[in-house]
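The values are calculated or read from the model by the stated rules, or taken from the named source; none is laboratory data. All values derive from a computational prediction rather than experimental measurement. Cβ coordinates were reconstructed from backbone atoms using ideal geometry, including for glycine residues, and neighbour counts include every protein chain displayed. For accessibility, only protein heavy atoms count, side chains too; no ligands or nucleic acids. Shrake-Rupley method; radii C 1.70, N 1.55, O 1.52, S 1.80 Å.
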Amino acid sequence: MPENDLDTYCAANEQRHVDELIEFLRIPSISADPAHAADVRRNAEYLAEAARKAGFHHAEIIETAGHPAVYAERLVDPKLPTALIYGHHDVQPVDPLNEWRTSPFEPEVRDGNLYGRGAVDDKGQVWMHLKAVESVLAVRGELPLNLKLIVEGEEESGSVHFEEIVDAEQARLRADILVVSDTSIVAPGIPSLCTGLRGLAGVQVQVQGPALDLHSGRFGGDVANPIASLAEILASLHDPVTRRVRVPGFYDDVREPSADERALFASVPFDVDEFRAEAGDVPATIGEAGWTDRERLWARPTLEFNGIWGGYSGPGQKTIIPATAGAKITCRLVPNQDPQHIAELVRDAVLAAAPIGVTVTANAVGGGRPVVTSIDHPAVQAASRAMESVFGITPALTREGGSIPPVESFARVMGLQAVLVGLGLPDDQIHAPNEKFTLDMYFKGIRVLGRLWDELAVALRTS
Ligand code: BES
Ligand code: MN
Ligand code: MN
């Protein structure tokens, strides 16, 4: 039952809040696909207009060498604290398309969930912010603090131009706290605040054998096969017994979680069977020896193969030694690993493992740095109270294994601390077919954020 004016307003406007989000989700803002560049731009313009309608005084497009970002602000009083909201309006590609129950850009509500690409990552959570602003203004006429909003269009493709924006716009982006809604809570009944994210670094491997595909009878047995060579290289990158990454220097800079941190991780409920179900019914969990599932996910680095290609995989047989094979590798990083350095170490390990008879090339791509937010910051307590007032439970403090590199950019470039107030659920299928946002979380999120501004205004008061 609504307890106050904000809740009453939110309850009365739920249907419209869903209908509006559905319209936003119809725009296919896939940043990775150049064919959708015009859609990403249209998405940015749509968002800027929506920000104005929600009550931001000023909203504009910030151009980059890639996809545009959106900036908006509502400056109430220079004496009040200022919060900066960060999010992203781009989405992941949708393939495999035939596994979607309904089309990714024709969102549909089923069983209390809104299905569509970007429903929760991150368009739905950005929209949640706009609706919170709209709701507070409708009920109270003004915000209790200054609010700024920056929403980028390239997060899903590595935020390649975002740090340039942070650098160039430092003065305008200045704030007392960064608020990001792009993570998840533990379970519908267990609210949580995320206090750390892993980083990312990558390497692309190309193995060149013969200049052209060869007849495997005429040449097989005396000419190196690029697929076998690639398999050898990739297999060498993990220890088969300890499952540790076998790249020289890989763990050198890793800051191991402290006893306090490990105790904090262990205090958050973890049901391995539920986790296996969320992971698509995998038969067992597996990872680096000596660490719990949670520690592996939140505080240990990994090396993963994201894609592999080579040879013939069509129907029937084709007896060849293929000319080439290749693979995409990414590593999740933890404090204090450096993305560029790790990418170079992996590249060197790949090249060192190259067998004779093929030519191996490996290109390092640095992704983003890990970030751990301070759990003592008054904004974390403020966010905790805001969540508790809606969920009736004090949120757990968690971390996530995913990456949002801009959060670290804000901290390093501007000294800006973040509070991560995400309302996703572990089974939202982000980046996968049938991504969804549970409407109960969307509605609760609007109310949490509405209260957050009050809590932050008090907690960050300077005088
Ligand atoms: N919202 C996610 C990050 C995330 C995922 C946080 C899962 C918490 C749990 C974000 O949009 C994302 O997908 N990030 C990419 C970053 C990469 C492209 C640099 C990721 O983690 O792979
Ligand atoms: Mn996201
Ligand atoms: Mn994502």
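Of all DSSP-defined beta bridges confined to the chain, some 70% are antiparallel rather than parallel. Full extension of the chain between Asp260 and Thr102 gives 52.4 nm of extra length, using 0.36 nm per residue less the Cα-Cα distance. When only Cα pairs below 8 angstrom with a gap of at least 6 residues are kept, the range 63-132 shows a relative contact order of 28 percent. When only Cα pairs under 8 Å and 6 or more residues apart are kept, what is the percent relative contact order across the chain? In percent, rounded to a whole number, it is 25. When only the Cβ of Lys, Arg, Asp and Glu is charged (+1, +1, -1, -1), the dipole of the range 131-213 relative to its Cα centre reaches about 440 debye. Antiparallel DSSP bridges in the range 84-231: what percent, to the nearest 5? Bridges in the range 84-231 that DSSP calls antiparallel: roughly 35 percent.
Put simply, when 311-319, 419-427, 111-119 are sorted by average Cβ atoms within 10 angstrom per residue, most first, you get 419-427, 111-119, 311-319. With contacts taken as Cα pairs under 8 Å at a separation of at least 6 residues, the range 173-274 carries a relative contact order of 11 percent. When the charge dipole of the chain is built from unit charges on Cβ atoms (+1 for Lys and Arg, -1 for Asp and Glu) and taken about the Cα centre, the candidate among Tyr115, Pro93, Ala59 whose Cα reaches farthest toward its positive end is Pro93. Only protein heavy atoms count here; under a 1.4 Å probe, Thr242 has an accessible surface of about 50 Å².
Here the accessible area of the range 356-420 is 51 percent carbon and sulfur, with a 1.4 angstrom probe and all protein chains present. Remark: the chain carries 43 Å² of accessible area per residue (probe radius 1.4 Å; ligands, DNA and RNA excluded).
Listed peptides 198-205, 20-27 appear in the order 198-205, 20-27 once ranked by packing, highest mean of other Cβ atoms within 10 Å at the front.
Could you tell me how far the Cα centroid of the range 57-128 sits from the Cα centroid of the range 220-241, in Å? The distance from the Cα centre of the range 220-241 to that of the range 57-128 comes to 42 Å.
Give the residues of the range 221-246 whose amide nitrogen is closer than 12 Å to a point set 7 Å from the Cα of Ala352 in the direction of its Cβ. Answer for this model: 237, 246. Ranked by solvent-accessible area (1.4 Å probe, protein heavy atoms only, all chains present), the residues Trp127, Trp291 order from largest to smallest as Trp291, Trp127.
Of the solvent-accessible surface of the range 1-63, computed with a 1.4 Å probe over protein heavy atoms with every protein chain present, carbon and sulfur atoms account for 52 percent.
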